[in-house]
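Here is the structure we will look at, set down as C-alpha cells.
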Amino acid sequence: MTTDKEILEIRWKTYSHIHHPYGDLLWHLFWGVIVGITIITAIFSNDFWLLIIGLIALIFFFHPTFYEPRLMDIKLTDKGIHLDKKFYPWKKFYAFEIFDNGFRKFIFLFTNHFSFGLHFPLEEFFVNEEEVREFLKKFLEEYQGKVPITEKLYRSFFL
C-alpha cells in the first residue's frame with residue numbers, strides 16, 4: 001500500500017477460497033457413483049457423446065486443480081483494478097458493494113454490460129475496509145443489498 005497526500009493504490013494478496021465445500025468423502029462417493037453409471041451406460045449403449053460428458057464430469061468432479069485455492073494479487077489504483085494479471089478499468093463498472101457471507105467479506109463490482117459482476121475477497125487482516133470503501137467511492141457509487149443472490153450463494157459455498 002502506497003500513501004502520499006492521497007492514496008494512489010491499495011494492494012493485498014488473498015486466496016480465492018479458503019476451502020472447497022465438496023471435499024468430503026460422501027460428496028465424492030455420490031458423484032463417483034453417478035459418473036461411473038453414466039460412463040458404463042455410455043459404453044454399453046455405444047453413446048459416444050454420453051461417454052464424452054461422463055469423462056468430462058470425471059475430470060471436473062475429481063481433478064485436484066478444482067479444489068486448490070489460488071493466491072490472488074489484488075491492486076486498486078486510480079486507473080482501475082488489477083486482479084492477478086488482468087486489468088479492469090473503472091469505466092467498466094458503475095457501482096460496488098462490500099458484502100459479508102458470515103465468514104469473509106467480499107467486494108462486488110457491478111458491470112455496465114449484461115455480464116456478471118466481478119467479485120473478490122476483501123482481506124481485512126491486510127487492508128482496512130473503510131479505507132477501501134472510501135477509495136472505491138472516488139470512482140464508483142456504493143450500493144447496499146443489491147448483490148445478486150447467485151453471487152451470495154456462490155460465496156456461501158466457496159468461502
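The values are calculated or read from the model by the stated rules, or taken from the named source; none is laboratory data. Note that the structure is predicted; figures quoted are calculated from it, not measured. Positions of Cβ are backbone-derived with ideal geometry, glycine not excepted, and every protein chain shown enters the neighbour counts.
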Q. Quick one: in the range 141-157, which of the residues that are outside any helix (DSSP H, G or I) and more than 17 Å from F116 (Cα to Cα) is modelled with the lowest pLDDT?
A. Q144
Q. Any residue in the range 57-78 that is of a type in the set (K, R), surrounded by 15 or more Cβ atoms within 10 Å (Cβ to Cβ) and in a helix (DSSP H, G or I)?
A. no
Q | Residue identified as closer than 30 Å to V35 by Cβ and in contact (Cβ under 8 Å) with a residue 24 or more places away in the chain among F62, F139, F120, F96 | A | F62
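Here's the yes/no breakdown for (1) within 18 Å of R70 (Cβ to Cβ); (2) exposed (fewer than 14 other Cβ atoms within 10 Å of the Cβ):
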site: K85; (1), (2): yes, yes
site: A95; (1), (2): no, no
site: L109; (1), (2): no, no
site: L153; (1), (2): no, yes
Q) Hey, N46 hits all of (1) modelled with pLDDT of 90 or more; (2) surrounded by 12 or more Cβ atoms within 10 Å (Cβ to Cβ); (3) on the phi > 0 side of the Ramachandran plot; (4) not hydrophobic (A, V, I, L, M, F, W, C) but one; which does it fall short on? A) (2)
Q | the range 51-83, residues that are out of contact with any Lys or Arg (no Cβ under 8 Å at 6 or more places or on another chain) and either on the phi > 0 side of the Ramachandran plot or basic (K, R) (or both) | A | R70, K79
